[in-house]
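Beneath this line is the structure, given in structure tokens, with notes to follow.
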Amino acid sequence: MIRTRLAQLDGRRFDLVVIGGGVTGAATARDAALRGLTVLLVEKDDFAAGTSSRSSKLIHGGLRYLQTYQFGLVAESVREREKALKLAPHLTHVKPFLYLLYDGYPESAWMLNLGLTFYDVASGSPIRRRHRMLSAAQVTQREPHLRTTGLMGGGLYYDVLTDDARFTLDVAKGAANAGATLVNHAAVTGLVMEDGRARGVTIDDQLTGGSCRVHARQVVNCTGPWTDATMALEQPGGGHLRPTKGVHIVVRKSDFPLNTAVFLRSPDDNRVVWPTPSLEQDVVYIGTTDTDYTGPVDDVHPEPADIRYLLNVANHTIPSAHLTERDVVGSWAGLRPLVAPPPGVSESNTSREHEISEGPAGMLTISGGKLTTSRLMARQLVDRVEKALGHHASYRAGEVPLPGADPVQIHEVRARAEAARVPPGLVSRWVGKYGANAAGILDGYLASEANTEVIGARGLTRAELAYCVTEEMVLTLADLLIRRTSTFFWEADGGLSTVQAVADELERLVPWEPGRKQIEIEQYRRLVHQHRPAPPE
Ligand SMILES: Cc1cc2nc3c(=O)[nH]c(=O)nc-3n(C[C@H](O)[C@H](O)[C@H](O)COP(=O)(O)OP(=O)(O)OC[C@H]3O[C@@H](n4cnc5c(N)ncnc54)[C@H](O)[C@@H]3O)c2cc1C
């Protein structure tokens with residue numbers, strides 16, 4: 001996946017311009033390109049830099065939405081989960097989840113059993129593991145450190161964990177493989193109008209300051225929490241969204257011994273919350289808050305009150321943990337791009353359903369939805385685009401696996417690495433993040449002794465870094481350390497102890513202007529500190 005220079009784009013014509021490189025925009029670009037449309041995807045920061053790297057990292061039906069009788073949404077999401085397991089097996093991991101029942105909870109054992117039965121049936125069953133109701137004794141046998149006071153039992157069921165940023169990136173790669181042109185760190189700053197219709201966009205490069213103008217038969221707005229700002233390019237004013245902020249904190253598993261993700265209720269406001277062991281093994285993340293947000297969309301971060309709320313959840317879940325701010329080794333905050341509900345509906349009860357609307361100049365906007373339903377959202381949006389363009393092609397995005405998904409190729413990478421005596425931990429990490437595309441990292445690793453050197457946290461070698469630059473459009477430290485490798489989320493110091501070496505290597509490979517490296521390091525350090533209540537040195 002190569003970044004096209006803006007100068008090369010100037011004056012070009014596309015069938016479709018997609019604004020926004022989160023999971024919704026990436027899925028839309030992939031779907032449209034697979035239907036034979038010429039597509040440009042424009043992302044102002046990095047792919048998944050918005051909400052799509054700050055979710056709860058679940059591909060799920062959303063069991064808790066059954067409480068608000070959103071049966072359609074849950075059934076649809078469970079079916080999408082099954083689809084994701086087929087299209088991206090390398091990034092979707094089936095895990096057990098425990099829905100806990102304590103004395104005083106609004107849901108009873110029979111209601112939970114009924115809800116989980118609906119969940120099982122809606123999936124059409126390929127997940128092949130049916131839920132089980134557990135007694136309090138069975139729950140504590142499984143998770144001995146959970147609070148036992150008032151524990152009535154629970155329901156054990158299965159859902160899917162993912163790496164949301166990498167999922168988005170592979171969807172974007174799928175778009176590029178299908179012929180779409182992708183550009184990151186480039187913002188759409190205006191619409192090109194012809195006879196009152198949106199027939200293109202103006203784009204500003206966010207790193208070098210260049211700009212260009214591109215023509216399109218159709219423009220779509222997939223900008224998540226920025227939806228209203230993008231709609232304002234077409235028609236000033238009006239508010240379409242009710243964004244709510246969701247925060248997660250990260251703690252060490254050694255401080256918070258939990259093996260299974262659990263759902264329970266917050267001691268503060270009785271909302272459903274979920275501590276989840278990360279795919280990274282050594283940490284657990286706890287989420288999420290859900291509060292109305294009216295601050296700047298470009299600077300969303302956890303506040304001390306968010307951290308305290310989640311620490312209360314943690315200590316309520318495992319009272320012997322006695323966690324404080326000092327035990328929080330990471331955190332993140334994201335905005336749910338929810339469609340504004342009628343007055344009087346609470347944050348948690350605001351619908352997660354998506355909506356497609358058409359503006360006065362013909363721009364199509366999609367809002368709401370979930371990571372899990374992004375394929376379906378994209379399909380409906382591209383159906384509308386095809387209708388507008390009078391284009392008819394068969395739908396393919398539901399059948400073409402994401403790049404990196406091929407299990408035979410993954411097996412070959414593992415076999416080749418084993419024969420070359422590459423440390424097994426490194427190979428597992430690559431395959432877990434890049435699937436079959438780990439072949440590209442392995443090639444680099446085997447090509448030269450220098451490439452085998454580990455220069456960053458969590459086993460980041462020169463070979464992996466080079467792959468991310470040449471194949472995944474990494475242009476900044478944050479692209480690499482937040483979205484490609486997740487070092488920011490899971491490493492206690494966010495990778496600061498090795499940031500100099502990583503920045504030195506990036507400077508060698510990325511055409512940074514003089515002085516850029518120091519700015520990158522300072523910006524990244526600020527981000528790490530902003531997301532840790534007791535910042536590392
Ligand atoms: C706390 C939290 C937990 C969640 N958990 C889950 C979960 O577990 N499972 C699930 O299925 N869903 C979950 N969701 C929902 C899911 O994450 C979002 O619905 C999804 O990521 C939204 O993707 P998006 O592409 O619409 O928006 P975003 O990912 O925010 O992407 C929008 C993109 O548009 C870009 N952009 C904005 N303006 C411009 C411009 N002018 N020019 C170019 N680009 C622009 C932004 O930089 C951004 O990258 C969660 C959400 C939150 C907040």
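The values are calculated or read from the model by the stated rules, or taken from the named source; none is laboratory data. A quick note: this is a predicted structure, and the numbers were derived from the prediction, not measured. When we count neighbours, we look across all protein chains shown, and the Cβ atoms used for this are built from the backbone with ideal geometry, even at glycine. The protein model used for the area step is the full one, side chains on, heavy atoms only, and it has no ligands, DNA or RNA in it. Shrake-Rupley method; radii C 1.70, N 1.55, O 1.52, S 1.80 Å.
One table, with the values for the structure above:
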quantity	calculated
Filtered residue count, segment 315-331, keeping only those that are under 13 Å from Pro275 (Cβ atoms), polar (S, T, N, Q) and either buried (at least 18 other Cβ atoms within 10 Å of the Cβ) or touching an Asp or Glu at 6+ places or on another chain (Cβ under 6 Å) (or both)	1
Some residue of segment 218-228 being without any contact (Cβ under 8 Å) to a residue 60 or more places away in the chain and part of a helix (DSSP H, G or I)	yes
Condition met for Val42 (closer than 25 Å to Ala333 by Cβ, in contact (Cβ under 8 Å) with a residue 24 or more places away in the chain and open to solvent by less than 10 Å² (accessible area, probe 1.4 Å))	yes
Elements of type helices (runs of 4 or more DSSP H) contained in segment 398-506, each with 3 or more residues being within 30 Å of Arg525 (Cβ to Cβ)	424-434, 438-447, 462-472, 487-490
Residue tally, condition in contact with a helix residue (DSSP H, G or I) (Cβ under 9 Å, 6 or more places away or on another chain), open to solvent by 30 Å² or more (accessible area, probe 1.4 Å) and assigned to a helix (DSSP H, G or I), over segment 509-528	7
Segments classed as strands (runs of 3 or more DSSP E), wholly inside segment 149-213, with at least 1 members that are over 30 Å from Leu279 (Cα atoms) and touching a residue at least 60 places away in the same chain (Cβ under 8 Å)	181-183, 186-194, 197-205
Matching residues, segment 67-87, being within 13 Å of the ligand (Cβ to nearest atom), aliphatic (A, V, I, L, M) and at pLDDT 90 or above	Val78, Ala84
Evaluation of Thr487 against (1) over 21 Å from Lys44 (Cα atoms); (2) of a type in the set (Val, Ile, Thr); (3) surrounded by fewer than 22 Cβ atoms within 10 Å (Cβ to Cβ) (one fails), failing number	(3)
Members of segment 439-490 that are among the β-branched types (Val, Ile, Thr) and closer than 18 Å to Ala417 by Cβ	Ile441, Thr452, Val454, Thr461
Filtered residues of segment 135-181 (kept if within 16 Å of the ligand (Cβ to nearest atom), touching a Gly at 6+ places or on another chain (Cβ under 7 Å) and of a type outside the set (Ser, Thr, Tyr))	Asp170, Ala172
Criterion violated by Ala84 - all others in (1) under 14 Å from the mean Cα position of the chain (by Cα); (2) closer than 25 Å to Thr227 by Cα satisfied	(2)
Test result for Arg64, open to solvent by 10 Å² or more (accessible area, probe 1.4 Å), in a helix (DSSP H, G or I), under 30 Å from Leu233 (Cα atoms) and within 14 Å of the ligand (Cβ to nearest atom)	no
Members of segment 186-209 that are within 29 Å of the chain's Cα centre (by Cα) and more than 14 Å from the ligand (Cβ to nearest atom)	Thr208, Gly209
Filter result for the condition that a residue is within 16 Å of the ligand (Cβ to nearest atom), within 25 Å of Ala436 (Cα to Cα) and either surrounded by fewer than 14 Cβ atoms within 10 Å (Cβ to Cβ) or basic (Lys, Arg) (or both), over Arg379, Arg375	Arg375
Criterion violated by Thr117 - all others in (1) surrounded by 13 or more Cβ atoms within 10 Å (Cβ to Cβ); (2) farther than 20 Å from Val272 by Cα; (3) not charged (D, E, K, R) satisfied	(2)
Matching entry among Gly25, Gly20 (being at positive phi and surrounded by 19 or more Cβ atoms within 10 Å (Cβ to Cβ))	Gly20
Test: residue in segment 238-257 that is under 24 Å from Tyr157 (Cα atoms), open to solvent by 40 Å² or more (accessible area, probe 1.4 Å) and modelled with pLDDT of 95 or more	yes
Answer from Val300, Val262, Val313 - the residue that is at pLDDT 95 or above and part of a strand (DSSP E or B)	Val262
Segment 31-46, subset within 24 Å of Val192 (Cβ to Cβ) and of a type outside the set (A, V, I, L, M), residue farthest from the ligand (Cβ to nearest atom)	Gly36
